[in-house]
Amino acid sequence: MDSNGPNAVLPYFSIERKDYKIQPISQGYINDTFALLQDGEPFYILQRLNAQVFSNIDLLMQNIHHALPYLKDKNYHQISLIRTIDDKPYLKINKSDCWRMFTMVPGSIAFDTTQDEGIALEAGKIIGKFHSLLQEAPLDIFQDTIPGFHDLSFRAQQFEEAAETATPDKLKDAEKAILFAKMTLDELAFYDPGNLPLRICHNDTKLNNILFDKKDKRALCLIDLDTLMKGYFLFDFGDAVRTIVNTVDEDEKDLSKITFNKGLFEAFIDGLSQNSDFLTKAEIQYLSFGVKLMPFIHGIRALTDYLLGNIYYKVTYETQNLDRCLSLFAFTKKATEHMDYMQEVITKKF
């Protein structure tokens, strides 16, 4: 059968039967997300998983199931998975129509961008806490839900294959982006994280994947755990910094607005340093590199998707992926210009 949307799947989850108002949430490029509200207050988060992006949802949900028991602390709000009425972790209508539900974190809010150093500091604290808690989990029980997710050579190969098959119009429109991608790939040819420890990473620590308390702006927890799998801490570090120190949206068309806010960066480092005992010296030396690597990887993925005809990310207009790419590449340049500064701050704080 076809679910025909969120209303149709509610009876299949183990929740109290009430007259919920269903409110779409637009943050996020992959899944379809809805808040279930009663009397204006959110109770649950309901998501239709993107089966095109996540080819093995069983594996994805296993990783989340393994992680959630560790992600609880007096300074970390625990999220619970709502099981189906037949005690499954998610509802599978058919191969391409899968749904899951989580408890809502009461009184919480997420930010796409910020200019508040207090928010940046709290983001650093909660990402450090997330990694500190997951240190206790056995690494070998977590599987790759998206193989090669942050593998630079894999993303480069995808980009090159997309460029070979793209239409002449797309190649022309993306000419500057393609040139920058090739030049930066040459610059990053030395990249080898092999001496860094593997960790259980979130792998998508953009600012709006952190929930904050509405009242005091205290960071509560990380959400959107679909990409939770093994990786290097520089992935989570670079992703967080790129969305915190740049105070405009990821698909900003006016590239002159792309920023690297030093006050926000230093506040984030201050926060991270409060929960950073797990970090090795080698990881600390690599952190600033992560701030260049991650926007570039996201940029080349957006460029690849544009060349392929927008088959991965949600778009609201034809060239949105190209705009994302150009914006991310502009921040990659900013990160490159601030490498020495970042390493100086990191060395001082740690």
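Points to keep in mind about this one:
- Identified option (computed Cα Rg over 2.2 N^0.38 Å; candidates (i) 0.91; (ii) 1.08; (iii) 0.98): (iii)
- Per-bin percent of Cα-Cα distances, the range 159-295 [5 Å]: 2, 8, 14, 19, 19, 17, 11, 6, 4, 1, 0
- Fraction of accessible area attributable to carbon and sulfur, the range 186-244 (%, probe 1.4 Å): 49
- Protein accessible area in the range 257-336, 1.4 Å probe - carbon and sulfur %: 51
- Gain upon complete extension [Tyr12, Asp249; 0.36 nm per residue less C-alpha separation]: 81.7 nm
- Point-to-point label distance, Ala110-Ser55, nm (Cα→Cβ direction, 7 Å offset): 2.6
- Report note on the peptides 140-147, 161-168, 57-64: ranked by the mean count of other C-beta atoms within 10 Å, highest first, their order is 57-64, 140-147, 161-168.
- Net charge over other residues, Cβ less than 15 angstrom from the Cβ of Ser288 (K, R count +1; D, E count -1): 0
- Neighbourhood net charge (15 Å Cβ-Cβ; Lys/Arg +1, Asp/Glu -1) for Leu59: +1
- Between Leu188 and Glu318, the distance separating the two model label sites (each 7 Å from Cα on the Cα→Cβ line) works out to 2.9 nm.
- The residues of the chain expose, per residue, 46 Å² of accessible area to a 1.4 Å probe.
- Cβ-Cβ distance of Thr336 and Lys88, R₀ of 56 Å, FRET efficiency by 1/(1 + (r/R0)^6): the value works out to about 0.75.
- Shown is the FRET efficiency for Asn195 and Lys72, computed with R0 = 45 Å from the Cβ-Cβ distance and rounded to the nearest 0.05: 0.90.
The values are calculated or read from the model by the stated rules, or taken from the named source; none is laboratory data. As the structure is a computational prediction, the values presented were derived from the model and not from experiment. Here the Cβ is made from the backbone with ideal geometry for all residues, glycine too, and neighbour counts use every protein chain on show. Ligands, DNA and RNA are excluded from the accessible area calculation, which covers all protein heavy atoms including side chains. Shrake-Rupley method; radii C 1.70, N 1.55, O 1.52, S 1.80 Å.
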